[in-house]
Amino acid sequence: MNQKLTFVKAYSGEDIDFLYKKITEDIVLDGKDITFGSAMEPKRAREIYATIQLYGKAIDDVLAGKTPENFRWSGDKITDYQNSFLVPLSEVGKKQYDDTDFEYTYIELMRKFKTIEGDIDQMDISQKKLSENLASKIQSNQNVGVIYHPMYWNSYNPPCFNWYQVRLLDDNQVSLRLLFRSNDYGDAVWANLCGIAKAFDELVIKPAGCVLVEIILTSSSAHIYANEADLAKKVSGFDWERSENEKKSSILRLLGHKPKK
């Protein structure tokens, strides 16, 4: 493979511990080193392009607010974050007097999306579309929503979560597809997945009489920051400095990785 190209990988499973370890391993061993962010605050990271399919126990874990072993955030911090997606519509968008510098929350963009004709509750629309699909027993690819808004084009923190699709499968089973322009696999991805999945399950899928059986997450930039090298090693078992891993060349080949020259 041309080392200047992006490393692209797909994953599938119901064990979030294994998925987190394998994705981190691939980022560490095969990811492309990049400097991104802005000229005022450049950030060094290593990235791949990842598509991850979760099903079975992984869905149960995500909805319950469980995160993988060695992921930094867990417990009440995750369930509190999930609950922040479930506030009444009248409370969505109100400042909570916290110390974050974000101009928005994901649930605000999902439930009060700004248009020239007023706010749109995309979750309500998705629930109605899903109910119609179930009643007609006709599958549709049209149940989609957008999170990114051009009004944030010059924002310091434009939304990383950009697009979703709620797709009826067989019977009343549902696939939730999510697209992120950028995913921090060191500190954020599993927390965001727990919050977003919970919101769709409680506000869209269950009210329509359906069951969430699959999540497909696409991360255009699945990255780990260079300053999280110790965490990456703890999760993957491999050193951030690739020259150190050459001593394990037989193990790398066994796992499907080519030692870097």
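Some observations on this one:
- Among T67, I48, V211 - extreme Cα towards positive end, dipole of the chain, charges at beta-carbon: I48
- The C-alpha atoms of the chain define a longest principal axis, and helix 189-200 lies at about 20 degrees to it.
- C-alpha long axis of helix 16-30 to longest principal axis of the chain, angle in °: 50 degrees
- Overall shape of the chain was characterised from the C-alpha gyration tensor. The equivalent ellipsoid obtained from it has semi-axes of 33, 22, 17 Å, in decreasing order.
- Each of L5, W240, A199 was placed along the dipole of the chain (beta-carbon charges, centred on the mean Cα), and the one lying farthest toward the positive end is L5.
- Once the 1.4 Å probe is applied to the protein heavy atoms, the chain comes out at 53 Å² accessible per residue.
- Too-long pairs where the Cα-Cα distance tops 26 Å, listed order kept, from K137/K206; K112/K137; K21/K43; K43/K234: K112/K137
- Counting only Cβ charges, +1 for Lys and Arg and -1 for Asp and Glu, the dipole size of region 5-140 around its Cα centre is about 300 debye.
- With every protein chain in place, the chain: carbon and sulfur % of accessible area (1.4 Å): 52 percent
- Put the Cα centre of region 27-60 next to the Cα centre of region 73-88 and the gap is 23 Å.
- Cα centroid of region 196-261 to Cα centroid of region 134-193, whole Å: 18 Å
- Checking the Cα-Cα distances for K22/K258; K77/K233; K94/K129 against a 20 Å cut-off, the pairs over it are K77/K233; K94/K129.
- Most fluctuating residue given options I205, I196, I116, as computed from a GNM of the chain linking Cα atoms under 10 Å: I116
- Nearest-ten-degree value, helix 122-136 long axis tilted from longest Cα axis of the chain: 80 degrees
- List R44, R111, R181, ordered by accessible area with a 1.4 Å probe, largest first: R44, R181, R111
- Theoretical ellipticity at 222 nm over the chain - DSSP helices of four or more residues, -39500 (n - 2.57) apiece, nearest 500: -9000 deg cm²/dmol
- Packing order of peptides 142-150, 3-11, highest average first: 142-150, 3-11 (average count of other Cβ atoms within 10 Å over each peptide's residues).
The values are calculated or read from the model by the stated rules, or taken from the named source; none is laboratory data. Keep in mind the model is a prediction, meaning the values are calculated, not measured. Don't worry about glycine lacking a Cβ; one is built from the backbone with ideal geometry, like all the others, and counts go over all protein chains shown. Accessible surface areas use protein heavy atoms only, side chains included; no ligands, DNA or RNA. Shrake-Rupley method; radii C 1.70, N 1.55, O 1.52, S 1.80 Å.
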